[in-house]
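Have a look at the structure below, then the notes.
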Amino acid sequence: MLIFKAFSALLSYPSEEMRQALPEIAEVVCTSPIVAARERDALLALIDEIGRGSLLATEERYVDLFDRGRALSLHLFEHLHGDGRDRGAAMVELKALYGAAGFELTASELPDYLPVVLEYLSLRDMAEARELLADCAAILASISRSLLARQSRYAAVIQALLVIAGEKPVDAAKVKPVREQTQTLDSDWAERPAFADAAPPGGSTV
């Protein structure tokens, strides 16, 4: 399912190679039957933003969002377990899930990194994808609220994932905008393929 591959690329650290692929990513978004019109428009606005201006500015915007605090971390288990022992056990279990499906995680990636999870889902069927996303729905909603509070277009990816999971997207109108750095949002409380030699089974292009 190429749409999950596209989502993985959009949430990964931006590179010139990724920006050159944005027209192809936009085509996948526009033709996917599981992306509704509202989410499609928001995703295309994000794609336009990533491709606009200098690569350095795009990189800085990404780092400012995702690398400065836990509220916007794309490592899913960090939202549940922080840096505690339980997070390690959960990652071992998730890595075993990948292995049982025949996929070997590259050493540079952690199994709970959302772009990795999405790359895995791009190689699986829709039923499994929806089930795994539904299991993560509370975490995804939390990330989406934090992105909406920062008025970031990256929220479009998370909102689309919630809809695909069969959940309601976060109501942006009910999220109070903030301008603080990500560290303030934490007061309540890193482009290569993730899988070696993996290819989508059956040539699915959803």
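Structural remarks
- Search result, residues across the range 1-53 that are outside any helix (DSSP H, G or I) and not aromatic (Phe, Trp, Tyr): Met1, Ser12, Pro14, Ser15, Ala21, Ser32, Pro33, Ile34, Val35, Ala36, Arg52, Gly53
Yes or no, residue by residue, for (1) open to solvent by less than 40 Å² (accessible area, probe 1.4 Å); (2) within 19 Å of Gln151 (Cβ to Cβ); (3) of a type outside the set (A, V, I, L, M, F, W, C):
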{"residue": "Ile3", "(1), (2), (3)": "yes, no, no"}
{"residue": "Ser15", "(1), (2), (3)": "yes, no, yes"}
{"residue": "Arg19", "(1), (2), (3)": "yes, no, yes"}
{"residue": "Ala37", "(1), (2), (3)": "no, no, no"}
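For (1) over 21 Å from Gly166 (Cβ atoms); (2) at pLDDT 95 or above; (3) charged (D, E, K, R), each residue gets a yes or a no:
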position: Ile3; (1), (2), (3): no, yes, no
position: Ser8; (1), (2), (3): no, yes, no
position: Gln20; (1), (2), (3): yes, yes, no
position: Glu24; (1), (2), (3): yes, yes, yes
position: Cys30; (1), (2), (3): yes, yes, no
position: Ala37; (1), (2), (3): no, no, no
position: Ala42; (1), (2), (3): no, yes, no
position: Ile47; (1), (2), (3): yes, yes, no
position: Gly51; (1), (2), (3): yes, yes, no
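- Cβ pairs under 6 Å, 6+ apart, first in the range 126-137 and over 15 Å from Phe7 (Cα atoms), second open to solvent by 30 Å² or more (accessible area, probe 1.4 Å): Ala137/Glu167
- Subset of the range 95-114 [open to solvent by less than 60 Å² (accessible area, probe 1.4 Å), within 16 Å of Leu11 (Cα to Cα), in a loop (DSSP other than H, G, I, E, B) and not charged (D, E, K, R)]: Pro111
The values are calculated or read from the model by the stated rules, or taken from the named source; none is laboratory data. For clarity, every value in this text was computed on a predicted model and none was experimentally measured. We place every Cβ from the backbone using ideal geometry, glycine too, and count neighbours over all the protein chains shown. Note: areas computed on protein heavy atoms with side chains; ligands, DNA, RNA excluded. Shrake-Rupley method; radii C 1.70, N 1.55, O 1.52, S 1.80 Å.
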